[in-house]
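The values are calculated or read from the model by the stated rules, or taken from the named source; none is laboratory data. Values in this document were obtained by computation on a predicted structure and should not be read as measured data. Cβ coordinates were reconstructed from backbone atoms using ideal geometry, including for glycine residues, and neighbour counts include every protein chain displayed. Keep in mind that these areas ignore ligands, DNA and RNA; they rest on the heavy atoms of the full protein, side chains included. Shrake-Rupley method; radii C 1.70, N 1.55, O 1.52, S 1.80 Å.
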Amino acid sequence: MKVDALIISDVHLGSKGCNANKLLEVLKEYEPKELIIVGDFIDGWLLKKRFYWPQSHTNVIRKILSYSKRGIKVHYIAGNHDEYLRNYAPLKLGGIEIKNDMIWNNYYVTHGDLYDGVVQLKWLGYLGSWGYELAIWIDRTLKRMGYKKSLSAYLKLKVKEAVKFITHFEKQLEYQAYRRSCKGVICGHIHTPALELEREIHYINSGDWIENNSYILYNEGKFTLRKHK
């Protein structure tokens, strides 16, 4: 299916929680004119701790490279988990453009971590990253044993909602779009998909590929929030 743009974030390749196969199905389903990756595509924090890289993660990268080879423009916005790329941005590699942020179609595109006060305390961010992955591992073990409630979702809700409350994440992102005279903001980071176009400054969050498996489509001037079927 041809669309104008496909927007994803927080894939976390290198993480055991990453649903790479599901993302690959979505990448095969659409042929966008532009692919926008809004940070945390590769989880450099976890890869520093230990190496985990199954074939499914390589397959996702190969598919995105095939996008680029076919002339599809790929925008890669660096996040906090792949912050090492910020040292090289802006950088263009073929059809892939690595950036710290950008303005696209009058929307400010940023991962969002730079406006999250808790993540600025880097040691706390690392702790949260490892703890969240442990919760996902426990969660999937419990599900195999027949439990239906999600421990990782519960912990994410408690921790992320607290972070969002303390830092006023959404309002801060809206302000950053406002000060750049943009119509809205497109971000990721907090793993909570949202498409809020009724606000004075539009707030769009493409979610993640750990639990929500969500993405944003842009076609003929309209945004749509979708999740892997």
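Can you confirm whether Thr110 is of a type in the set (Val, Ile, Thr) and surrounded by fewer than 16 Cβ atoms within 10 Å (Cβ to Cβ)? When the stated conditions are applied, Thr110 does not pass them.
Go through region 28-40 residue by residue and tally those that are in contact (Cβ under 8 Å) with a residue 40 or more places away in the chain and farther than 16 Å from Gly207 by Cα. Summing the residues that are in contact (Cβ under 8 Å) with a residue 40 or more places away in the chain and farther than 16 Å from Gly207 by Cα in region 28-40 gives 5. Among the residues of region 181-229, those identified as open to solvent by 40 Å² or more (accessible area, probe 1.4 Å) and charged (D, E, K, R) are Lys183, Glu196, Glu198, Arg199, Glu200, Glu211, Glu220, Lys222, Arg226, Lys227, Lys229.
Of everything listed in (1) under 16 Å from the mean Cα position of the chain (by Cα); (2) farther than 23 Å from Leu6 by Cβ; (3) without any contact (Cβ under 8 Å) to a residue 24 or more places away in the chain, the single unmet condition for Ile98 is (2). Restricting the first member to region 184-198 and to residues that are closer than 12 Å to Val38 by Cα, and the second to residues that are in a loop (DSSP other than H, G, I, E, B) and of a type in the set (A, V, I, L, M), the beta-carbon pairs closer than 7 Å and six or more apart or on different chains are Val185/Ile201; His191/Ile210.
Residues checked against (1) farther than 25 Å from Lys22 by Cα; (2) touching a Lys or Arg at 6+ places or on another chain (Cβ under 8 Å); (3) at pLDDT 95 or above:
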| residue | (1), (2), (3) |
| --- | --- |
| Leu46 | no, no, no |
| Arg50 | no, no, no |
| His75 | no, yes, yes |
| Ala78 | no, yes, yes |
| His81 | no, no, no |
| Gly95 | no, yes, no |
| Ile98 | no, yes, yes |
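When Asn106, Asn21, Asn59 are screened for being among the polar types (S, T, N, Q) and under 23 Å from Ser181 (Cα atoms), only Asn106 passes.
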